[in-house]
Each structure stands twice: as C-alpha cells, then as structure tokens.
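Down below is the structure, laid out as structure tokens.
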Amino acid sequence: MRVHGTRQTGFFTKVPNATARDHELSFAARGLLAYLLSLPDGIREDVKTLANKSVEGRGTIARALHELESSGYMTRAKVRDDEGRIRTRVEVFADRGEAAGLVKPAAVPPGTGAPGRGKSGIKTEETGVKESLPPLTRLKERSDSGQEKGRAGGEVSKALSLLTQVGKDEPRLHLASAEAASLAALVDRWLARGATPGHVTSALTSGLPPRVHQAAALVRHRLTVKMPPELSKPAPHVERHECTECRVPLRAPGLCGDCSHADPQADSSALSKDGRAGFEIARAQLRAPLQMAQC
C-alpha cells in the first residue's frame, strides 16, 4: 500500500501515530477523536449534533465516546461555574493517559442558584459532549464476553445472522450485539409465518431516510408494523363412511338404521314369492299362443 500525504501550511490537526494506531479503539472511536481534536476550545457538541454531522447513528457515537473515556482520551466531570450552575466539563486528549495527570475536581453538592437569577433549584447545562445513553461495558470486556449465540448449542441463530448481514449490507442499519439479540425474536416470528430472508431484508432496507439516528428503533418499528399475517391452518380431515348395503352416508362405518333392523329371512322369502309370481305369469303368456293354434 502506498500512502500519499499532503503537506499542510494551515488548518490542520496533529494526531500522534500511537493514537491513530491504537488497536484497542474501534475505527469509529479513532475517527471521532480526530474530529474532536480539530474543534476549537469552548465549542459545544453532544451525541445528537455529532450524529447529525456523520453517517453513524447516535448509538455508534455514544459507544465511541465511552471507548474514548474508558481508554483515557477523554474525561467528563461535573463542575459549578461562577453563577452557581452545574455544568459538564469535557477534556479531550491526543495521547492516552494524559487524563490521569489532571487534578480531579471536588464533588459538587446539589444546591440552589444565586438569588434573583431565576427559579430555585438545580439547572444543569452541559457544555461538552452529552451522555445520552447508559454506561456501556468496555470494548475488551465485550469481546471477551463471547460472540452472539443462538438459542441452543452456542450457534448463531438464523435471525441474528440475518440482522448482522443486513447491517453489513446497509451501514445505516448497523446494530450492536445486544440490540440484535433483542430484535431476533421479531425476526423469528417473520420466519415462522412463512417469510424468507429476502422478504425481511426488503422490508428493513426499502425506502430508508437519508440519515438514520436510531437504527434499532427503526428496525423494531418496521418488523412490528410490517409483520406478515399468520399462516392459515389446514382444515381438519373428515373421514366419510357409507352403509355397506345401501350406500347411505354415515358418520361411522357399518350399516344404516334401516339395513341393521331388516330381517334377512323375510327379505329372502319376499323375493322368492315375487319371483315365483312372475314366473307363473310369463309361463301363462307363453302357453296362450299354443292353445289358440291347436283350436
């Protein structure tokens, strides 16, 4: 790989190579650190404003800030200004460990504002990067805690694999491992209702806004609103039966009521009588022409 650099005479930021090559930091954290170092002193930035200036969402920005703070590149402390208001002071460093040399400010007890300057109580105004998400575990602890595991056998489930692949194909829908695990149940419901991975991917990625601030919330909303209907259950099979004698439909195999109460001997005698009478009539009709001829 050949690197082509440019010599700057002004408007540039110096970042040590040790910081740029700190492999304990993610590339998102290193890029965010370079951007913060390029800002002038006293500027106000928070997770929302940083996300509006980048393709990453607020979750990615918040995780990168926690990485910088846990690695010693940034500090956040509550201080009280001259007017008695509590503010968050943010310090950003180009080298790891410089934050350890700073004298930590004393804890600020809660109090009221100065008389005649507004309503009583605490008015918190932050002048640095705002902490909008709960504290996350350090990067090493997350990597050592294990991979995304499925429901059984320690294997990655099909739903988690699908959400991970969607995040790789569409960076705006990148999810953290905890977020993907919480949304896997919704994907399982899609698959149980006959949806294919292509259907899920199309429902999540079609018509995305230019900038996604909360990928997990958007994915959850689309999986819930666009949930396909449940598969219709097949009608139960009904076995049909007929009377073995007269072929009348029955609920159970066997004879119908008429055939089961009929007397077989009476039926045979009745048939024999009817047959005998017919035989006598036919014989009489055959004899009549012979008698006429003899006369």
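So for the stretch 266-282 (the condition being of a type in the set (A, V, I, L, M, F, W, C), modelled with pLDDT under 70 and not in a helix (DSSP H, G or I)), does at least one residue qualify? For the stretch 266-282, residues of a type in the set (A, V, I, L, M, F, W, C), modelled with pLDDT under 70 and not in a helix (DSSP H, G or I): absent. Looking across the stretch 231-265 at every residue that is part of a loop (DSSP other than H, G, I, E, B), modelled with pLDDT under 75 and of a type in the set (Gly, Ala, Ser), the one that is surrounded by the most Cβ atoms within 10 Å (Cβ to Cβ) is identified as Ala262. In the condition set (1) more than 30 Å from Pro209 (Cβ to Cβ); (2) of a type in the set (D, E, K, R); (3) in contact with a strand residue (DSSP E or B) (Cβ under 9 Å, 6 or more places away or on another chain), Arg44 is compliant with all but (1).
From Ile43, Ile61, which residue is part of a loop (DSSP other than H, G, I, E, B) and of a type outside the set (Gly, Ala, Ser)? I'd like the intermediate steps shown before the answer.
Details: Ile61 fails: part of a loop (DSSP other than H, G, I, E, B).
Of the residues listed, the single one that is part of a loop (DSSP other than H, G, I, E, B) and of a type outside the set (Gly, Ala, Ser) is Ile43.
Taking the criterion of being within 29 Å of the chain's Cα centre (by Cα) and open to solvent by 70 Å² or more (accessible area, probe 1.4 Å), the residues of the stretch 26-55 that qualify are Phe27, Lys48, Lys53, Val55. Pro228 - would you say it is open to solvent by 60 Å² or more (accessible area, probe 1.4 Å) and not polar (S, T, N, Q)? Criteria not met by Pro228. In this structure, Ser70 does not satisfy being open to solvent by less than 40 Å² (accessible area, probe 1.4 Å) and closer than 26 Å to Ser177 by Cβ.
If you go through the stretch 4-27 and keep only what is among the polar types (S, T, N, Q) and free of Cβ contacts under 8 Å to residues at least 24 places away in the same chain, you end up with Thr6, Gln8, Thr9, Asn17.
The values are calculated or read from the model by the stated rules, or taken from the named source; none is laboratory data. The model shown is predicted, which means the values in this text are computed figures rather than measured ones. With ideal geometry, Cβ positions are generated from the backbone for all residues, glycine too; neighbour counts draw on all protein chains shown. Just the protein is used for accessible areas: all its heavy atoms, side chains included, with ligands, DNA and RNA removed. Shrake-Rupley method; radii C 1.70, N 1.55, O 1.52, S 1.80 Å.
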